[in-house]
Amino acid sequence: MKRNLLWRGLLILAVALVCVALAYPPKKKINLGLDLRGGVHLVLQVHTEDALRAETDSDMARLVDQAKEQSVTGLTATRTGDAAFTISAASPDALSTVTDIAGRFLPRWQASRQNDALVFTMDAKSVNEVRNATVNQAVQTINNRIDQFGVSEPVIQPTATGHRIVVELPGVDDPERVRRLIKNTAFLEFRIVQFPKGGGGVGSREEILANYGGQLPADVEILEGDRRDQTDAVVGKSYYAVQKRRTVTGRDLRNANPSRGQFGNPIVEFTLTPTGSEAFGQLTGQNVGSGLAIVLDGRVVTAPVVKSRISDRGQIEGGFSQQQAQDLSTVLRSGALPASITYLEERTVGPALGRDSIEAGLRAGIVGTLAVLVALLGYYRLAGLNAISALLLNVLILFGGMGAFHSTLTLPGIAGVILTIGMAVDANVLVFERIREELRAGRTVRSAIDLGFDRAFTSIIDTHVTTLISALFLFQFGTGPIKGFAVTLTIGLIASIFTAVFVSRWLFDLVLSRRQVQAPLSI
Amino acid sequence: MEFLHDTHFDFMKYRRFWIIVSFILVVLGLYTIFGPHKLNLGIDFAGGTQITLGFRETPEIDRIRTLVEQAGMREAVIQRIGKPEENQVNIKTAAAQGTEEGSRERLVAALSKSYNQGKTGVDLNQTGLDGLTQALVRANPDRVAPPQAGTHYAGIAETILKDRRTNGIFKSMDRIARLPGVSPAVASALQQGAHLGDFSVLGTENVGPQIGKELRSQGFWAVLLSLLGMLCYIWFRFELRFGIGAVMASLHDVAVTLGLFTLLGFEFNLTTIAAFLTLVGYSVNDTVVIFDRMRENMRKSRRKPLIELMNDSINETLSRTIMTSGLTFLTVLSLFLLGGDVLRGFGFVMTVGIIVGTYSSIYVASPFALLWESLFGPGGKWSRKPAVAAGPARPEPTKIEPKPGELPARRRTARRRA
């Protein structure tokens, strides 16, 4: 009997120690949710159809190119949907050649004949692959960008469905900057300026149109940018006629860093990959004296004049602040987002608000717990002490479990903790009341305790398992906060069974082993 | 110390009366939730934008409302929150048609039209890091050489903004001047070139209508499935009628509490869902304890009518019910009173829920199990099974007064065993 007691005691001690190790220091091991510590929470929608369209365009172009090589001409190709295009040709022969080529080069496309046109649709599996790859690439890109932010423990995760990304940045409270940094598609292109020849841009679209006699050539488009004065302040808009062809883009960048220009103004320096340098050298070599538009997300940042052939490095001046130069380098380095995104959900909790809720919550929790402890002691005397130790151990295990699962404590999580504590108190009350009942029925202390625990056991198991089942469903089907509630509840319930049945019993047995059989029980 | 023991209240005597009372309460609750009062759905579920502003002086709600309405955002909910001296205001606007992105910019612009009028330069209560750094670099009060200026002033700007974030809106320039790293030159440059706007944005939440809809349906299914899960477990461990009774009791508690919650205008959001889940947890817990005792008593005395067994079981567990409910009540009451704005709604649900839940586990769960039995049980009104077909049939609940001198069933068996 004594030996048995010792082993059980050691087991309880071991559990307690493991939990202390798992939860200590609490500041490091228990993550506070954004609602408690402040930070930015975003849900982004990735418009995967952007990427799908790009893939469709490129496959379509490839097919036409291949056909041209086999001297099939007179094809008209049009994209008819996100993942569909049609090709029509003058002769049926041409169409069958195109079908052959498609069979060889475009395995993921299904072609069907409709009158004198071929309708191509991407198969569902490939569509899904493209969409998922887009989301994953976007996660990667955002990850790289956030890395530069120096946030500890950022969460950047794709959701299971709906092509979304959840971003959580604890401690960050400049949502504007985060939004800009993430949302920046950062698609960089270098384009040759056709008009005005010397770079610099003109004041209106009409001026450009007038230059071309009212009709833009097919390979030219108009882009706009900011007009700046000597001090780099924005004073208006400026327009450029640039070539549509993009030979060098952000994909050809090897690196980008913020730096200082000749007047100490912040600039971004970049270097190019070997293939990028080759293309860039060719582009600039052929266009010495023309303007070279540096286009970011469809806007001209700056359009300096090419003075000589440039191959592997260059710089972008755009009247940046240091912060902007830093952020632009970051997004250029991290690569372009594969698709545009919108914000579905955005929450910013200021640290002051979060701190207020923690303080108030803690105060309420302490007062409430103290009241319960006093009531337990007053009502159950020494046995109350037993319940209190079991309760404290319960909370310890709860935090140990949260540390082990790296779960996050949120406000709903605190609700879970409260429910757990309530149920743990209830488990003890169940046992005590049962013991009292047995004592009233005239049993000895020993058998009253044995029977009390035995009979309360089924109640405890049933109440806990019922709640556990509901917690599991909530975990499975709930979102963020509901999940947080379910996690703390699950850990807490398991801890509660252990403390109420095992620990509390051990404490009773320990007391019984050191006393006279006839002495009354303080309960 | 002991409050109650060996009680013999006839709880089931007035069960029809209490079922009717509960039914009326549920109907009233549902009427409040879906009727003219309407549940105050938070932006979590309704979609929309909620921003928390701190003001330098006591905010005038009416003025803010006029400004917001003039900007075309009707049905905005504007409330003072926090401690009175903190001058905080919460503005909630509905989701704009056709866009998932929020109306933060529009709100701030609308308010700035009236507040902050005629002030020039950077607004120290609004500006972000970029704006402030740039303004400082341009003024260059510390006479730093251009290459280092950016880093130097970015550091100062960060210090100033950090203080604003942690300690709230700047009410005077003095607080900025006292910050470490802010030189007198910088302070006076800010005094001249910048101003302190009348309000500052402390927090923003924006939930697009799409997400709102999803959160709504996910929350609904999670709760429904978890209730079904409980029902199945109780069915498996006890009997179907007990499962029905327990689920009915929790639905009753949710309807009544939610009705009162709506009536008092609390906001229903994701945190509140957690509160209602907790409430369901307590309610079922309470009910299961009583049912457990019923199961035990049923095994001991098979001949006793169910109704009497129920009364015995409720009486035997009464002391525990009062004790547990009382202790939990203490905790949630302190949450309600001391928990601050965020936890107040939660505390309210639990405080009311504990009372209603304790009542329902006695007066709703057991009577419902009885009702189910009399309707669908063997020989029940709507049952296809004849009375004799299934198992040891329990007689229709008829009242049998315990004969004086006869011992309650439990002790009799206990003694026999011992």
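Which one of these does A:Q315 not meet: (1) at the interface with chain B (Cβ under 9 Å from one of its Cβ atoms); (2) assigned to a strand (DSSP E or B)?
Going through (1) at the interface with chain B (Cβ under 9 Å from one of its Cβ atoms); (2) assigned to a strand (DSSP E or B) one by one, A:Q315 breaks only (1).
Against the condition in contact with a helix residue (DSSP H, G or I) (Cβ under 9 Å, 6 or more places away or on another chain) and within 18 Å of A:A427 (Cα to Cα), how does A:S496 come out, does it pass?
Yes, satisfied.
Please give the number of the condition A:S357 fails out of (1) touching a residue at least 24 places away in the same chain (Cβ under 8 Å); (2) over 17 Å from A:A500 (Cβ atoms); (3) more than 8 Å from chain B (Cβ to nearest Cβ).
For A:S357, the exception is condition (3).
Identify the single condition in (1) more than 12 Å from every other protein chain (Cβ to nearest Cβ); (2) surrounded by fewer than 16 Cβ atoms within 10 Å (Cβ to Cβ); (3) out of contact with any Asp or Glu (no Cβ under 8 Å at 6 or more places or on another chain); (4) farther than 22 Å from B:F346 by Cβ that B:E57 does not satisfy, given that it satisfies every other one.
(3)
Here's the yes/no breakdown for (1) among the aromatic types (F, W, Y); (2) more than 8 Å from chain B (Cβ to nearest Cβ); (3) under 22 Å from B:S250 (Cα atoms):
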position: A:L451; (1), (2), (3): no, yes, no
position: A:D462; (1), (2), (3): no, no, yes
position: A:T488; (1), (2), (3): no, yes, yes
position: A:G492; (1), (2), (3): no, yes, yes
position: A:T499; (1), (2), (3): no, yes, no
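Can you work out which of the residues in the range B:213-225 that are modelled with pLDDT of 85 or more and within 8 Å of another protein chain (Cβ to nearest Cβ) is surrounded by the most Cβ atoms within 10 Å (Cβ to Cβ)?
B:L225
Out of all the residues in the range A:382-397, is one or more at the interface with chain B (Cβ under 7 Å from one of its Cβ atoms) and either more than 28 Å from the chain's Cα centre (by Cα) or aliphatic (A, V, I, L, M) (or both)?
No, every residue in the range A:382-397 fails to be at the interface with chain B (Cβ under 7 Å from one of its Cβ atoms) and either more than 28 Å from the chain's Cα centre (by Cα) or aliphatic (A, V, I, L, M) (or both).
With more than 7 Å from chain B (Cβ to nearest Cβ), at pLDDT 75 or above and crowded, with 17+ Cβ neighbours inside 10 Å as the only criterion, which of A:L337, A:L362, A:L344, A:L377 stands out?
The conditions single out A:L337.
What's the number of the only condition in (1) polar (S, T, N, Q); (2) under 27 Å from B:A46 (Cβ atoms); (3) at pLDDT below 80 that B:T120 fails to meet?
Looking at each condition in turn, B:T120 falls short on (2).
Do we have A:L439 as surrounded by fewer than 21 Cβ atoms within 10 Å (Cβ to Cβ), without any contact (Cβ under 8 Å) to a residue 40 or more places away in the chain, closer than 30 Å to B:I314 by Cα and within 11 Å of another protein chain (Cβ to nearest Cβ) here?
In short, no.
What number of residues in the range B:349-379 are within 17 Å of A:P412 (Cα to Cα) and crowded, with 22+ Cβ neighbours inside 10 Å?
Matching residues across the range B:349-379 total 3.
Out of the helices (runs of 4 or more DSSP H) lying entirely within the range A:30-146, which hold 1 or more residues that are closer than 23 Å to A:R179 by Cα?
Here the list reads A:34-37, A:48-69.
Restricting the search to the range A:237-260, which residues are modelled with pLDDT of 80 or more and more than 31 Å from the chain's Cα centre (by Cα)?
The answer is A:K237, A:S238, A:Y239, A:Y240, A:A241, A:V242, A:Q243, A:R260.
Can you tell me which residue in the range B:108-137 is surrounded by the most Cβ atoms within 10 Å (Cβ to Cβ), limited to those that are more than 8 Å from chain A (Cβ to nearest Cβ) and of a type in the set (D, E, K, R)?
Of everything passing the filter in the range B:108-137, B:D123 is surrounded by the most Cβ atoms within 10 Å (Cβ to Cβ).
Go through (1) assigned to a helix (DSSP H, G or I); (2) within 30 Å of B:V207 (Cβ to Cβ); (3) in contact with a strand residue (DSSP E or B) (Cβ under 8 Å, 6 or more places away or on another chain); (4) modelled with pLDDT under 75 one by one and return the number of the condition B:P147 breaks.
(2)
Closer than 30 Å to A:V172 by Cα and without any contact (Cβ under 8 Å) to a residue 40 or more places away in the chain, is that true of A:P107?
Criteria not met by A:P107.
Do you know which of the residues in the range B:161-212 that are of a type in the set (S, T, Y) and within 9 Å of another protein chain (Cβ to nearest Cβ) is surrounded by the most Cβ atoms within 10 Å (Cβ to Cβ)?
B:T204
How many of the residues in the range A:165-199 are in a loop (DSSP other than H, G, I, E, B) and surrounded by 15 or more Cβ atoms within 10 Å (Cβ to Cβ)?
Within the range A:165-199, residues that are in a loop (DSSP other than H, G, I, E, B) and surrounded by 15 or more Cβ atoms within 10 Å (Cβ to Cβ) number 10.
Could you tell me whether B:L161 is touching a strand residue (DSSP E or B) at 6+ places or on another chain (Cβ under 8 Å) and either in contact (Cβ under 8 Å) with a residue 60 or more places away in the chain or in a helix (DSSP H, G or I) (or both)?
no
Could you grab the pairs with beta carbons closer than 6 Å, sequence gap of 6+ or different chains, first residue in the range B:208-220 and in the same structural domain as B:A274 (by TED's automatic domain parsing), second one at pLDDT 85 or above and of a type in the set (S, T, Y)?
none
In the range B:171-217, which residues are hydroxyl-bearing (S, T, Y) and in contact with a strand residue (DSSP E or B) (Cβ under 6 Å, 6 or more places away or on another chain)?
Within the range B:171-217, B:S200, B:T204 qualify.
Return only the number of the condition from (1) at the interface with chain B (Cβ under 9 Å from one of its Cβ atoms); (2) more than 46 Å from the chain's Cα centre (by Cα) that A:G416 does not satisfy.
Exception for A:G416: condition (2).
Go through the range A:15-72 and give me each residue that's in contact with a strand residue (DSSP E or B) (Cβ under 6 Å, 6 or more places away or on another chain) and among the polar types (S, T, N, Q).
Across the range A:15-72, the qualifying residues are A:N31, A:Q45, A:T56.
Mind checking whether some residue in the range B:358-378 is modelled with pLDDT of 80 or more and not in a helix (DSSP H, G or I)?
yes
A quick yes/no check of all residues on (1) among the aromatic types (F, W, Y); (2) assigned by TED's automatic domain parsing to the domain that holds A:A336; (3) surrounded by 15 or more Cβ atoms within 10 Å (Cβ to Cβ):
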{"position": "A:Q243", "(1), (2), (3)": "no, yes, yes"}
{"position": "A:A256", "(1), (2), (3)": "no, yes, yes"}
{"position": "A:F263", "(1), (2), (3)": "yes, yes, no"}
{"position": "A:P266", "(1), (2), (3)": "no, yes, yes"}
{"position": "A:G276", "(1), (2), (3)": "no, yes, yes"}
{"position": "A:Q282", "(1), (2), (3)": "no, yes, no"}
{"position": "A:Q286", "(1), (2), (3)": "no, yes, no"}
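Taking the condition in a helix (DSSP H, G or I), at pLDDT 90 or above and at the interface with another protein chain (Cβ under 7 Å from one of its Cβ atoms), does B:V289 pass?
yes
Filter the range A:324-334 for residues that are more than 28 Å from A:G162 (Cβ to Cβ) and buried (at least 21 other Cβ atoms within 10 Å of the Cβ); which is farthest from the other protein chains (Cβ to nearest Cβ)?
My answer is A:L332.
Show the residue pairs that are 6+ apart or on different chains and have beta-carbon atoms under 7 Å apart, the first residue being within the range B:299-323 and facing chain A (nearest Cβ under 10 Å) and among the hydroxyl-bearing types (S, T, Y), the second being crowded, with 18+ Cβ neighbours inside 10 Å and part of a helix (DSSP H, G or I).
Between residues of the range B:299-323 that are facing chain A (nearest Cβ under 10 Å) and among the hydroxyl-bearing types (S, T, Y) and residues that are crowded, with 18+ Cβ neighbours inside 10 Å and part of a helix (DSSP H, G or I), the close pairs are B:T317/B:V289; B:T317/B:I290; B:T317/B:R293; B:S319/A:E433; B:T321/B:D286; B:T321/B:T358.
The values are calculated or read from the model by the stated rules, or taken from the named source; none is laboratory data. The model shown is predicted, which means the values in this text are computed figures rather than measured ones. Because the Cβ atoms are built from the backbone with ideal geometry, glycine has one as well, and the counts that use them run over all protein chains shown.
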